[in-house]
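Bear in mind these aren't lab numbers, they're just calculated from the coordinates by the rules spelled out. No experiment lies behind these values; they were computed from the predicted model shown. Every residue, glycine as well, gets a Cβ built from its backbone with ideal geometry; the counts of neighbours run over all protein chains shown.
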């Protein structure tokens with residue numbers, strides 16, 4: 001049995017549709033094809049901006065699944081960026097400490 005993934009509790013808005021389409025790199029016509037709707041429907045939804053849109057059936061299920069995927073990918077990128085920043089900071093700190101140790105050895109006359 002497959003685990004069920006509940007769709008987001010907030011309703012979909014035109015901004016959500018545009019964000020999903022942009023994250024996937026799809027044109028309006030391509031997203032419409034994926035959803036099985038006319039491109040004018042996708043365009044109408046996107047033009048709604050932050051207002052809730054009326055989507056039902058399979059297109060709603062697909063959009064909610066894509067929205068979850070896009071949100072998870074965005075969180076993954078944020079985590080990777082934060083981890084990269086931490087690694088860079090630690091490497092820089094380690095480099096400074098190593099340089100300081102070499103400088104102290106040189107100052108003490110123990111350079112080899």
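The table below lists the values:
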item	result
Sequence ranges 85-98, 18-31, ranked by mean other-Cβ count within 10 angstrom, highest first	18-31, 85-98
Computed Rg/Rh of segment 14-81, alpha carbon atoms with Kirkwood Rh	0.99
